[in-house]
Amino acid sequence: MKNKLAVGLLVLAARAWSDPVAGSLEVHWNAGAEDCEKATDAPIQIHQYEPQTIILRQSLCSNFEAPLLYLLIGEDEALLIDTGATEDAAEMPLAKTVMQLLPDKGDGKIPLLVLHTHGHGDHRSADKQFAGHAGVVVVPPEVQDLRTALNLPQWPEGIAHIALGGRTVEIIAAPGHQPAHLIFYDDRTALLFTGDFLLPGRLMVDDIEAYRASAQRLVTFLGDRPVSHVLGAHVELDNAGELFPSGSQHHPNERSVALAKADVLGLPKALEDFNGFYSKHDRYVVTNPKRNLLVVVLGVLLVVTAIVWTWRRARRRKKS
Ligand SMILES: [Zn+2]
Ligand SMILES: [Zn+2]
């Protein structure tokens with residue numbers, strides 16, 4: 001009897017995850033160009049992962065950040081994660097592109113919710129393009145707005161659920177790169193969208209304590225959830241694992257965007273070992289740009305002081 005009860009409790013504890021809908025990441029993203037004046041790439045490239053999951057990417061020549069945006073379509077509603085780096089619709093017609101991708105409903109389109117991985121300008125700049133589109137709600141990437149809209153009163157603790165109809169997206173807060181950072185898990189595809197928090201490139205630390213706590217919370221959240229791919233918002237590594245120079249608009253031999261659950265599970269240790277400035281790992285680099293800038297400024301000051309001191313000494317010697 002006791003055994004039966006134990007088995008029953010075990011069954012209750014282990015939630016069964018249904019097989020994720022498969023998709024394809026077979027895509028050759030435009031590589032940008034050394035001279036973007038001569039480039040002819042469209043400002044937005046579209047890749048269908050599966051019919052209800054669309055990946056959009058702003059081209060490198062449109063903006064060096066080349067952010068990846070994700071559109072998740074449910075039976076009742078759609079969710080757009082991020083709006084890219086360019087405000088002007090003439091330069092990057094994001095709202096028009098997304099509205100065309102949405103399924104029809106009645107006289108219009110299914111409702112669209114726009115959320116962001118975080119509040120940096122390369123992820124939110126086209127928000128205004130959605131103004132005036134009926135059925136579109138844009139939640140600003142600010143902690144106060146998100147706390148209310150996602151019903152996360154204990155921010156950054158808690159899990160938000162967005163039901164899109166036939167698929168549910170779970171969201172956790174993950175400050176550390178930026179205070180209003182979110183991470184999204186889609187139960188249809190088992191894709192995990194990690195924004196700038198985890199990507200094949202530079203993980204830019206703003207608040208290391210918050211970053212460490214978020215990584216730990218993310219690992220706990222994932223638990224036994226299946227993860228098909230971890231998709232960040234940028235790709236900054238080539239196939240050999242080397243970083244493209246900051247600001248480069250040319251990414252020859254770019255690595256795939258996809259990381260794996262193992263990369264998430266390894267993140268707490270990588271952040272624990274972070275020396276505060278720069279540490280390189282196989283699939284990403286952890287860096288604190290503010291601190292590195294401070295070191296450069298201090299270095300320059302030191303060199304200038306040394307030059308002035310030597311020059312003065314030499315002049316004094318001459319005079320005597
Ligand atoms: Zn960012
Ligand atoms: Zn970014």
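Could you grab me the full set of residues in segment 276-286 that are open to solvent by 90 Å² or more (accessible area, probe 1.4 Å) and not in a strand (DSSP E or B)? Steps first, please.
Initial filter on segment 276-286 (open to solvent by 90 Å² or more (accessible area, probe 1.4 Å)): 278, 280, 282-283.
Those that are open to solvent by 90 Å² or more (accessible area, probe 1.4 Å) and not in a strand (DSSP E or B): D282, R283.
Taking segment 56-67 only, how many residues are out of contact with any His (no Cβ under 7 Å at 6 or more places or on another chain) and either under 15 Å from F193 (Cβ atoms) or surrounded by fewer than 24 Cβ atoms within 10 Å (Cβ to Cβ) (or both)? Reasoning before the result, please.
Initial filter on segment 56-67 (out of contact with any His (no Cβ under 7 Å at 6 or more places or on another chain)): 56-59, 61-64.
With either under 15 Å from F193 (Cβ atoms) or surrounded by fewer than 24 Cβ atoms within 10 Å (Cβ to Cβ) (or both) added as a condition, the list becomes 56-57, 59, 61, 63-64.
Of the residues in segment 56-67, 6 are out of contact with any His (no Cβ under 7 Å at 6 or more places or on another chain) and either under 15 Å from F193 (Cβ atoms) or surrounded by fewer than 24 Cβ atoms within 10 Å (Cβ to Cβ) (or both).
For segment 122-143, give me each residue that is open to solvent by less than 40 Å² (accessible area, probe 1.4 Å) and within 16 Å of ligand 2 (Cβ to nearest atom).
Across segment 122-143, the qualifying residues are D122, H123, S125, A126, D127, P141.
Output the residue which, of all residues in segment 287-320 that are over 30 Å from L198 (Cα atoms) and hydroxyl-bearing (S, T, Y), is surrounded by the fewest Cβ atoms within 10 Å (Cβ to Cβ).
Per the criteria, the residue is S320.
Let me confirm something: among L152, L146, which residue is more than 16 Å from ligand 2 (Cβ to nearest atom), modelled with pLDDT of 95 or more, more than 22 Å from I54 (Cα to Cα) and in a helix (DSSP H, G or I)?
Numbers: L152 fails: in a helix (DSSP H, G or I).
Sole residue among the options that is more than 16 Å from ligand 2 (Cβ to nearest atom), modelled with pLDDT of 95 or more, more than 22 Å from I54 (Cα to Cα) and in a helix (DSSP H, G or I): L146.
Only one of these is away from ligand 1 (no atom under 16 Å from the Cβ) and open to solvent by less than 70 Å² (accessible area, probe 1.4 Å): R212, R202. Name it.
Working: R202 fails: away from ligand 1 (no atom under 16 Å from the Cβ).
Criteria check complete, one pass: R212.
Anything in segment 71-85 that is open to solvent by less than 10 Å² (accessible area, probe 1.4 Å) and either of a type in the set (D, E, K, R) or within 14 Å of ligand 2 (Cβ to nearest atom) (or both)? List them, or say none.
The answer is I81, D82, T83, G84.
Could you list all residues from segment 144-155 that are within 16 Å of ligand 1 (Cβ to nearest atom) and open to solvent by 30 Å² or more (accessible area, probe 1.4 Å)?
Going through segment 144-155, the residues within 16 Å of ligand 1 (Cβ to nearest atom) turn out to be 146.
Correct list: empty.
Out of segment 107-121, which residues are under 21 Å from the mean Cα position of the chain (by Cα) and either open to solvent by 30 Å² or more (accessible area, probe 1.4 Å) or closer than 17 Å to A174 by Cα (or both)? It would help to see each step written out before you state the result.
So the first thing to find is which residues in segment 107-121 are under 21 Å from the mean Cα position of the chain (by Cα), and the list is 112-121.
Those that are under 21 Å from the mean Cα position of the chain (by Cα) and either open to solvent by 30 Å² or more (accessible area, probe 1.4 Å) or closer than 17 Å to A174 by Cα (or both): L115, H116, T117, H118, G119, H120, G121.
Here are some residues: V257, V235, V286, V230. Which one is under 21 Å from L25 (Cβ atoms) and in contact with a helix residue (DSSP H, G or I) (Cβ under 7 Å, 6 or more places away or on another chain)? Don't jump to the end; show me each part of the working.
Working: V257 fails: in contact with a helix residue (DSSP H, G or I) (Cβ under 7 Å, 6 or more places away or on another chain); V235 fails: in contact with a helix residue (DSSP H, G or I) (Cβ under 7 Å, 6 or more places away or on another chain); V286 fails: under 21 Å from L25 (Cβ atoms).
Selected residue: V230, the only one of V257, V235, V286, V230 that is under 21 Å from L25 (Cβ atoms) and in contact with a helix residue (DSSP H, G or I) (Cβ under 7 Å, 6 or more places away or on another chain).
Looking at segment 122-143, which of its residues are under 20 Å from the mean Cα position of the chain (by Cα) and outside any helix (DSSP H, G or I)?
Result: R124, S125, A126, V138, V139, P140, P141, E142.
Name the residues in segment 211-227 that are within 12 Å of A190 (Cβ to Cβ) and either out of contact with any Asp or Glu (no Cβ under 9 Å at 6 or more places or on another chain) or outside the structural domain of G276 (by TED's automatic domain parsing) (or both), would you?
Going through segment 211-227, the residues within 12 Å of A190 (Cβ to Cβ) turn out to be 222, 224-227.
Once the filter is applied, which keeps residues that are within 12 Å of A190 (Cβ to Cβ) and either out of contact with any Asp or Glu (no Cβ under 9 Å at 6 or more places or on another chain) or outside the structural domain of G276 (by TED's automatic domain parsing) (or both), segment 211-227 yields L222, D224, V227.
Let's see how each residue does on (1) open to solvent by 60 Å² or more (accessible area, probe 1.4 Å); (2) at pLDDT 95 or above; (3) assigned to a loop (DSSP other than H, G, I, E, B); (4) of a type outside the set (A, V, I, L, M):
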| position | (1), (2), (3), (4) |
| --- | --- |
| P179 | yes, yes, yes, yes |
| R188 | no, yes, yes, yes |
| T194 | no, yes, no, yes |
| V264 | no, yes, no, no |
| K269 | yes, yes, no, yes |
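The values are calculated or read from the model by the stated rules, or taken from the named source; none is laboratory data. Keep in mind that this is a model prediction, so the values were computed, not measured. All Cβ positions, glycine included, derive from the backbone under ideal geometry; neighbour counts span all protein chains shown. These area figures cover heavy atoms from the full protein model, side chains too; ligands, DNA and RNA do not enter into them. Shrake-Rupley method; radii C 1.70, N 1.55, O 1.52, S 1.80 Å.
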